């Protein structure tokens, strides 16, 4: 199963994301922001970083990169897409996910091992977790405050589309402690913390992030 | 040439940490009597030829598509007389 990882100018975590795909047993494929076409991948990861220098708004320019035409199209027809950190911002700017991410309420960059609760296991990226599982992933962002209007937040919670929530204190001002959400179909997931940095024991806070990648491989094999 | 100015501001209900930081700095510098600060963005678009209603409609579309994120921001468009 091939999982593509897009590199934008300013992406930082594309190599770690490809590595996590490989550790999970998949074939990682490098995708380039300036190319049209997805090289026959079965799923796509939009990695963390500072695409286009975060100019204008985080993710606002990456959203219009050539490769995003195909990513948006594929996401709408059901291909699994995971946006991590800057990738989450790109998914919101692309309107594949509702809401937006704004500057942390305390104005400082946050970088820490962050406990989370996995609240939805019915997405393509979280099926291998136990519902309610408490995991620790790296969180590192300056603009990670998730915002949406109350009606949208109520709908996300009512439909079980809050994928992960922060535990032990809110690190960035995200409304209702939301760390990640999915679209209605569950194939598109946006997540502020970094599962790709918790994919092997040698570095990072453990391997709690690996199931994001094994989940999608399982979903693709089953499909 | 004509200049069209697009001002983009966070919606009133969205927290503005930058504005808060500026507000705090103003107070520390002794600029009293400032109750609140909101920080926005200003874009100056230089257009070829005259500004027509059609051109303005296009600028509004650009403001909605790229210059602002309608989920969290409002924008205004005005023609600057030169």
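Do we have any residue at all in the stretch B:2-15 that's surrounded by fewer than 15 Cβ atoms within 10 Å (Cβ to Cβ), within 12 Å of chain A (Cβ to nearest Cβ), in a helix (DSSP H, G or I) and free of Cβ contacts under 8 Å to residues at least 24 places away in the same chain?
Looking for residues that are surrounded by fewer than 15 Cβ atoms within 10 Å (Cβ to Cβ), within 12 Å of chain A (Cβ to nearest Cβ), in a helix (DSSP H, G or I) and free of Cβ contacts under 8 Å to residues at least 24 places away in the same chain, one finds none in the stretch B:2-15, hence no.
Considering each of A:205, A:211, A:195, A:171 in turn, give the residue that is within 12 Å of the chain's Cα centre (by Cα) and on the phi < 0 side of the Ramachandran plot.
Answer to the check: A:195.
What are the residues in the stretch A:205-223 that are within 18 Å of residue A:119 (Cβ to Cβ) and in a loop (DSSP other than H, G, I, E, B), if any?
A:208, A:209
For the stretch B:63-71, check the following and say yes or no: at least one residue is more than 10 Å from chain A (Cβ to nearest Cβ) and touching a strand residue (DSSP E or B) at 6+ places or on another chain (Cβ under 8 Å).
Yes: the stretch B:63-71 contains one or more residues that are more than 10 Å from chain A (Cβ to nearest Cβ) and touching a strand residue (DSSP E or B) at 6+ places or on another chain (Cβ under 8 Å).
I'd like to check something: does the stretch A:39-49 contain any residue that is touching a helix residue (DSSP H, G or I) at 6+ places or on another chain (Cβ under 9 Å), in contact (Cβ under 8 Å) with a residue 24 or more places away in the chain and farther than 19 Å from residue A:215 by Cα? If you could, list the steps in order and put the result at the bottom.
Keep residues of the stretch A:39-49 that are touching a helix residue (DSSP H, G or I) at 6+ places or on another chain (Cβ under 9 Å), which gives A:41-49.
Narrowing the set further to residues that are in contact (Cβ under 8 Å) with a residue 24 or more places away in the chain leaves A:41-49.
From what's left, farther than 19 Å from residue A:215 by Cα: A:48-49.
Among the residues of the stretch A:39-49, at least one is touching a helix residue (DSSP H, G or I) at 6+ places or on another chain (Cβ under 9 Å), in contact (Cβ under 8 Å) with a residue 24 or more places away in the chain and farther than 19 Å from residue A:215 by Cα, which makes the answer yes.
Is it the case that some residue within the stretch A:21-29 is farther than 14 Å from residue A:216 by Cα and touching a strand residue (DSSP E or B) at 6+ places or on another chain (Cβ under 6 Å)?
Yes, because at least one residue in the stretch A:21-29 is farther than 14 Å from residue A:216 by Cα and touching a strand residue (DSSP E or B) at 6+ places or on another chain (Cβ under 6 Å).
Quick one: which residue in A:136, A:123 is more than 10 Å from chain B (Cβ to nearest Cβ) and part of a strand (DSSP E or B)?
On inspection, the qualifying residue turns out to be A:136.
Among the numbered criteria (1) more than 14 Å from chain B (Cβ to nearest Cβ); (2) assigned to a helix (DSSP H, G or I), which one does residue A:89 miss?
Only one criterion is unmet by residue A:89, namely (1).
Check residue B:52 against each of (1) surrounded by 11 or more Cβ atoms within 10 Å (Cβ to Cβ); (2) under 30 Å from residue A:101 (Cα atoms); (3) more than 13 Å from chain A (Cβ to nearest Cβ); (4) without any contact (Cβ under 8 Å) to a residue 60 or more places away in the chain and name the one condition it does not meet.
(2)
I need the full set of residues from the stretch A:172-204 which are buried (at least 18 other Cβ atoms within 10 Å of the Cβ), more than 14 Å from chain B (Cβ to nearest Cβ) and part of a loop (DSSP other than H, G, I, E, B), in order please.
A:183, A:186, A:187, A:192, A:193, A:198, A:199, A:204
Kindly indicate which of A:101, A:97 is assigned to a loop (DSSP other than H, G, I, E, B), within 12 Å of chain B (Cβ to nearest Cβ) and in contact with a helix residue (DSSP H, G or I) (Cβ under 7 Å, 6 or more places away or on another chain).
The conditions single out A:97.
Across the stretch A:154-179, what is the number of residues that are closer than 17 Å to residue A:144 by Cβ and in contact (Cβ under 8 Å) with a residue 40 or more places away in the chain?
Of the residues in the stretch A:154-179, 12 are closer than 17 Å to residue A:144 by Cβ and in contact (Cβ under 8 Å) with a residue 40 or more places away in the chain.
Laboratory data are not the source of any read-out in this text; all were calculated from the coordinates shown. What you see is a predicted model, and the numbers here were worked out from it, not measured in a lab. FYI the Cβ positions are ideal-geometry reconstructions off the backbone, even for glycines, and counts take in every protein chain you see.
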